[in-house]
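Note sheet for the following structure.
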Amino acid sequence: MDFGTIKTVTLDFVREHQSYAPFIVGAMTFAESLAFISLLLPATTLIVAVGVMLAASGSGFWPVWAGAVIGALLGYALSYEFGRRFQASAYQVWPLSRKPQLVARGERFFGRFGPWAILLARFFGPVRAVVPMMGGVFRMSRPQFQSANLVSALIWGFLLLAPGAGLAAYMSL
């Protein structure tokens with residue numbers, strides 16, 4: 001199944017079942033924020049498309065945004081805990097075992113920015129998948145990690161969905 005098919009099926013499902021939109025967007029942001037899944041199925045463009053479609057249909061922005069934030073929080077938290085539990089052996093799990101350059105980029109990014117890496121990584125596709133895990137591998141404190149996780153999820157969720165809501169509002173004038 002290719003990305004185009006996934007996109008069509010997802011958008012059709014959301015169109016028919018708008019009441020599930022917060023859960024659907026939450027599942028997508030969870031997958032997009034989860035260390036290994038994000039590498040296989042980047043969903044950012046799909047989340048933006050769902051945001052545009054929901055805004056055009058008059059669905060509430062804030063419940064969908066809340067779903068996006070919760071999914072993003074949980075995805076990063078699980079990635080962090082995975083890194084904390086498995087340490088450097090996490091690098092041996094597919095697909096990271098086949099993409100050592102991605103791990104190296106994540107390590108450099110984390111080393112350069114420290115706790116700010118968690119916040120910044122949310123906005124940079126390829127490192128978004130590994131930086132939270134690096135936080136766990138490097139034993140970043142949970143409160144420090146979760147603070148950066150929360151702030152980044154709040155902003156990221158808004159930035160993914162707000163352009164669609166604004167465009168839909170502009171087009172309906």
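The values are calculated or read from the model by the stated rules, or taken from the named source; none is laboratory data. Just so you know, these numbers come straight off a predicted model, no measurement behind them. Every residue, glycine among them, receives a Cβ derived from its backbone with ideal geometry; neighbour counts consider all protein chains shown.
Within segment 84-99, can one find any residue that is surrounded by 15 or more Cβ atoms within 10 Å (Cβ to Cβ), at pLDDT 90 or above, over 20 Å from THR45 (Cα atoms) and within 20 Å of the chain's Cα centre (by Cα)?
The answer is yes; a qualifying residue exists.
What are the pairs, 6+ residues apart or on separate chains, where a residue within segment 97-111 that is without any contact (Cβ under 8 Å) to a residue 12 or more places away in the chain has its Cβ under 8 Å from a residue that is assigned to a helix (DSSP H, G or I)?
If the second residue must be assigned to a helix (DSSP H, G or I), the pairs left are SER97/TYR91; PRO100/TYR91.
Considering every residue within segment 141-163, establish whether at least one is more than 30 Å from PRO22 (Cβ to Cβ) and either of a type in the set (S, T, N, Q) or at pLDDT 85 or above (or both).
Yes, that holds for at least one residue.
Confirm whether ILE70 is surrounded by 16 or more Cβ atoms within 10 Å (Cβ to Cβ), among the β-branched types (Val, Ile, Thr) and within 28 Å of ARG15 (Cα to Cα).
yes
Mind telling me which of the residues GLY114, GLY125, GLY135 ends up being crowded, with 18+ Cβ neighbours inside 10 Å and either without any contact (Cβ under 8 Å) to a residue 12 or more places away in the chain or in contact with a Pro (Cβ under 9 Å, 6 or more places away or on another chain) (or both)?
Numbers: GLY114 fails: crowded, with 18+ Cβ neighbours inside 10 Å; GLY125 fails: crowded, with 18+ Cβ neighbours inside 10 Å.
Going through GLY114, GLY125, GLY135 in turn, the sole match is GLY135.
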